[in-house]
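*Asks:* One structure follows; several queries about it will come next.
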Amino acid sequence: MENYLKLLQIKGNLNPFNKLRSVFSSRIIAPIILVLLSANFKGIAQIDKSVRFVYMVPADKTFNEDYVTGIENIAIDLQRWFHEQLGGRTFAINTPIVEVINSNKDSSWFIENRNIFLDRRFWPIFNTIVEANELIGAEEDDPNFIWLIFNDIPDVNGSSRPSIAYLTGNDLAGSINQNPNITGPNRIIGGVGHELGHTLSLVHPEDIPENRNAIMWTGLNTYPDAFLREDEKEILLNHPRYKFFFQTDVYSCDEGVRCYDGNLCTIDDKFDENCNCIPGPKSDKFDCTETDEQTLSVTTNVIHNNNLQSLSVYPNPTKDITLLKGVSKGNTVKIIDAQGREVFKTTATTDNFEIDTSDWVIGVYFVIVNNKKSSVQIVHK
């Protein structure tokens, strides 16, 4: 255990940019490097001050839909856990929960692409952050987002910097219980929560018995039976930058989070208007409330002026025309695709209206009312 703790402490203190920053003192090299690192190709973001979960697929890897589900489970479980730890506050999750980006670099490139300023073990971290910046605008010290980048490469240890964390193929496999060295996904969720804490300026606490279950220490192994220390809660809720990431109105049935319980329902389950979870097509659970499947397919909730109001679409899935019900006159309604691109926008003149989807490509679309995301999804087939 002592050796493990030492390794963990070293891992948490790894700073792939220390040497790079020392180079910044050079007036010759610094301008060139700063220009390269500050290049910002922002992706389309829907939720300001949110945590963005990104799945990066290298060119030699195949997209794995199960990894998307695994990351979704991590996101929702951590949102629930922080809500409990912070007395009703938690972070917002972006729409869609998992953003998929495809790299034209092979997984070997992330491991082998040389950086003369860094030790070899830091190359995958640095290369992933640079690639994520180019593809989606992820960056260190981002004032608007926290980035968790899951890169499907054969690296063992993740790492983190202010506002951004790097996770590996090891974490992706563990998220769907296919990592032979890790039993169950909770260890992975705890590890991601640990790295998330680092992105939010939290550090490792003192190695004393009362800290053994702290999430920022070895509590990552006992998650969800882990905790935030009181001083860590104080930091998160009062940090001049990160306090804006923790609100009370983002944790709701709209997110499906109150419904989610790892012991009862899964991410595949659907939720009714009362936030009761219903077994979904992949769920083998039976402890959830039963409800009519057709109602489930069209009814959910949307946050509007801090109140829940019914919002529904029918038919769903649709081929050409779908009816949106439950908005109020004057509401701004827009619909985005899975990549965050706006495909429809209007100001409601009545509480229900038809939307022509005949020109939309096959896929899943998300409804946003007054810039508040809802869990309503329109499936175009």
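The values are calculated or read from the model by the stated rules, or taken from the named source; none is laboratory data. Since the model is a prediction, treat every value here as computed from it, not as a measurement. Neighbour counts are summed over all protein chains in view; Cβ atoms, including those assigned to glycine, are modelled from backbone coordinates with ideal geometry. These accessible areas exclude ligands, DNA and RNA; they are computed on the full protein's heavy atoms, side chains included. Shrake-Rupley method; radii C 1.70, N 1.55, O 1.52, S 1.80 Å.
*Asks:* Checking the table 325/345; 334/381; 329/372; 334/372; 49/325; 61/381 against a 18 Å threshold on Cα-Cα, which pairs fail? Spell out each step's value before the answer.
*Replies:* Details: 325/345 15 Å; 334/381 20 Å; 329/372 16 Å; 334/372 10 Å; 49/325 29 Å; 61/381 27 Å.
334/381; 49/325; 61/381, as the Cα separations exceed 18 Å there.
*Asks:* As a test question: what accessible area, to the nearest 10 Å², does residue 119 have when a 1.4 Å probe is rolled over all protein chains in place?
*Replies:* Here the accessible area works out near 50 Å².
*Asks:* Here is a further query. Taking the Cβ-Cβ separation of residue 239 and residue 319 as r and a Förster radius of 41 Å, what is the calculated FRET efficiency to the nearest 0.05?
*Replies:* On the way: r = 48 Å, r/R0 = 1.18.
The computed FRET efficiency comes out at 0.25.
*Asks:* Taking the Cα centre of each part, how many Å lie between the stretch 212-244 and the stretch 110-149?
*Replies:* Each part's Cα centre sits 25 Å from the other's.
*Asks:* Starting from the 7 Å offset along Cα-to-Cβ, what nm value, one decimal, do you get for the label separation of residue 354 and residue 60?
*Replies:* In this crude spin-label approximation the distance works out to 5.3 nm.
*Asks:* Sticking with this structure for a sec: Give me the number: length gained by fully extending residue 329 to residue 346, i.e. 0.36 nm times residue separation minus the C-alpha to C-alpha distance, one decimal in nm.
*Replies:* Numbers: separation 17, 0.36 × 17 = 6.12 nm, distance 1.10 nm.
Between residue 329 and residue 346, full extension yields 5.0 nm more.
*Asks:* Let me ask something else about it. With every protein chain in place, what's the accessible area of residue 327 (1.4 Å probe, Å², nearest 10)?
*Replies:* Ignoring ligands and nucleic acids, residue 327 comes out at about 10 Å².
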